[in-house]
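Worksheet for the structure shown next.
Taken together, the values in this text are just the output of simple stated rules run on the coordinates, not laboratory data. Not measured: the values here are computed from a predicted model. With ideal geometry, Cβ positions are generated from the backbone for all residues, glycine too; neighbour counts draw on all protein chains shown.
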Amino acid sequence: MDHFEVFGLPRRLRIDEADLQRRFYKLARRHHPDFQAQAAPDEQARALEASAGVNAAYRALRHPIARIEYLVRLEEGRETKEGATVKPKAPPVLLEEMFEIQEALAEAKAGGLTDEVRATLSAQRERLIARYRDEEARLQGPLAEGWDVAAPAERPARLAALKEALATRAYLRTVVDDLGAALGDTDGRFTADGEIEGRDRHVAHHRH
Amino acid sequence: MAYSEKVVDHYNNPRNVGSFAKETPGVGTGLVGAPECGDVMKLQIRVNVETGVIEDAKFKTFGCGSAIASSSLATEWLKGKSVDEAAKIKNTDIVNELKLPPVKIHCSVLAEDAIKAALTDYREKHASAPAGTTAR
């Protein structure tokens, strides 16, 4: 059973979050170990497993971007079985741009961060944050809708568009974080809202 | 997670860091990235267009220690190889040499992709040049 099926939902990206929360509470209550205290041990074990499954499903679907990432993994898993995996690729132009920004940042760091350089990098970071936000809006808006309304034959193309936007978002986050680290910008403004998961993953990666 | 000695060595003393001008004759450039972690890797080869042998290789990687080590090692291995031999380098060779743990295997995949991209770029620019296989 996939995480959508746990809640009896179709594989769609635009979900009524209040409705999802109601479904979650209902299932969580049903399988809660406290309500299974009188049940046989093997039933208690099953309830515990179901409870963990419901929690995992809610975590995967709750945040709109995490939901898209999950859908991509889910759809790719199916593709893998058919032997047709396509690696997520960012547009080459973006890759070049990210490389140039990183290179300029490395040079700026090596040359010492003068106030002028700091101002330039800071302004660049602001622009990149704005693009990151745009990409998230595009993912949650038109691209999510595009997937939801797509006929089966259109789905591979819609999925590819989602993957490309996710890749773009990931690259933008990396350079924004790297610029932030270089500037000593630790006010957490960028990473504060809903970025905790991504930030943890990033930190776990031990970039230097 | 602890890095292997070889990874640390390549990270502290990366070999062949730098770049060639893209349009120099004999130069092939591969620019690849891993969206999951935001790494970008540029790997370049400079091939002797007469013999098809890779005379020099350079890289620049913005990413984790394993990505840097994988590309650094790749440039070492590329030098002196023919274009055809270079195409046989596999990510598993890099994994074995650097003792990369499973979570870092994607770094070696990235390095293999970079090699392939550089070779493709070279071949596209030098369609008629020899690939450096055994003398005919």
Binned at 10 Å starting from 0, the alpha-carbon pair-distance distribution of the stretch A:3-62 in whole percents comes out as 23, 49, 21, 6
Summing +1 per Lys or Arg and -1 per Asp or Glu among the other residues with Cβ less than 14 Å from A:Gln21's Cβ gives +4
One point scatterer per Cα, no solvent, Debye formula: log10 I(q)/I(0) for chain B at q = 0.12, 0.14 Å⁻¹ comes out as -0.42, -0.56
B:Glu124 and B:Val103 label points (each 7 Å along its Cα→Cβ direction) are spaced in nm at 3.6 nm
Final fewest-first order of A:Leu20, B:Leu43, A:Leu13 on the 10 Å Cβ neighbour count is A:Leu20, A:Leu13, B:Leu43
Output field shielding_mean for B:58-65 (other chain Cβ, 10 Å radius) holds 4
Checking rank on A:25-32, A:111-118, with mean other Cβ inside 10 Å and highest first, the result is A:25-32, A:111-118
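With a cut-off of at most 11 other beta carbons within 10 Å, and DSSP calling the residue loop, which GluC sites (Glu not before Pro) in the stretch B:1-91 qualify? Please list them.
Details: sites: B:Glu5, B:Glu23, B:Glu36, B:Glu50, B:Glu55, B:Glu76, B:Glu85; in loops: B:Glu23, B:Glu36, B:Glu50.
Answer by residue number: B:Glu23, B:Glu50.
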Checking rank on A:61-74, A:149-162, with mean other Cβ inside 10 Å and highest first, the result is A:61-74, A:149-162
Pseudo-spin-label distance B:Ala21 to A:Ala160, built 7 Å along Cα→Cβ, given in nm, is 3.7 nm
Quarter of the surface of the C-alpha convex hull for the protein assembly as shown, i.e. direction-averaged projected area in nm², equals 22.7 nm²
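Per residue of A:159-168, what is the mean number of Cβ atoms on other protein chains within 10 angstrom of that residue's Cβ?
Working: counts 0, 0, 0, 0, 1, 1, 0, 2, 5, 1.
Neighbouring Cβ atoms belonging to other protein chains average 1 per residue here.
Once the piece of chain linking A:Lys26 and A:Ala153 is laid out straight, how much longer is it, given 0.36 nm per residue of separation minus the C-alpha distance between them? Please list the in-between numbers first.
Details: separation 127, 0.36 × 127 = 45.72 nm, distance 3.53 nm.
Difference between extended and current length: 42.2 nm.
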Between the modelled labels at A:Ala40 and A:Leu183 (7 Å from Cα along Cα→Cβ) the distance in nm is 6.4 nm
